[in-house]
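As structure tokens, the structure follows; a few thoughts come after it.
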Amino acid sequence: MILINLLPQEYRKRSRTPIRYTLGVCAAVAINCSLVAWWGWLSFGIRAEVDSELSVLRDTMDSISPQIAYHRELERENQIYESRATTLKTITTSRMSWTRKVDELIDTVNRGGDGEKYLVWFTDLSVEQMASSRRDSYGGFEASGHSGNANFAHVANFLEDLEDSPFATDFHPPAPPEGSQSSVDKDLMPAEVWSFPLELDLLAPEDRNKVATEEEASK
């Protein structure tokens, strides 16, 4: 059906777009514009900034890569050297300087005790050292000792001083003094000779190292 409005123009009712429809269209346009602006900011702002930083980091990485490779090579060489040093230290610390021990023994004899010199000498000296324990022993020092003093207490004093000397730091304590009068000849000097055994067992390598460390710390 066709309706014809014959009222004058000034009396006709104006047709308007509903306010809700207008608000909905405005809201949709605003949201779309915001999304487009956000996408543009991400694409041309943040992304460009990230690409720029990534390019700088890649250039930096390319410049330090040779240094990193060289550093890693040095680390591998250092590990090899440390392994060798540890092996050498294990070997050297487990060994005994018998020359030093003999010097310490001679020093004890020459130093004497109680105001007198020790008239002591040794024969049949032998040493043995083992890397691992056998029969609860890592080796030891053996010698046939001789004293030119008629008093056997001279031997006991010597063994006591020897136990307190640097010579004994690498050994277990010696056995109690014992000996026998091997010869008496008034025409000889000394006229009386006492014979006694000198036998000492080595400490374990770790115990010797501990003693050496304590001595260095006390200096």
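Only the coordinates and a few stated rules stand behind these numbers; no lab work does. For clarity, every value in this text was computed on a predicted model and none was experimentally measured. So basically every Cβ, Gly included, is an ideal-geometry build from the backbone, and we count neighbours across all protein chains shown.
Stretching the chain fully between Lys117 and Glu49 yields a gain of 15.3 nm (0.36 nm per residue, less the alpha carbon separation).
Approximating the spin labels as points 7 Å out from Cα along Cα→Cβ, the Arg20-to-Glu199 distance works out to 11.7 nm.
Label-to-label distance, Asn78 versus Val127, with points set 7 angstrom from Cα along the beta-carbon direction: 3.8 nm.
FRET efficiency for the pair Lys210 and His71, taken as 1/(1 + (r/R0)^6) with r the Cβ-Cβ distance and R0 = 35 Å, rounds to 0.40. With R₀ fixed at 22 Å, the C-beta to C-beta distance from Trp98 to Ser144 puts the FRET efficiency at about 0.80.
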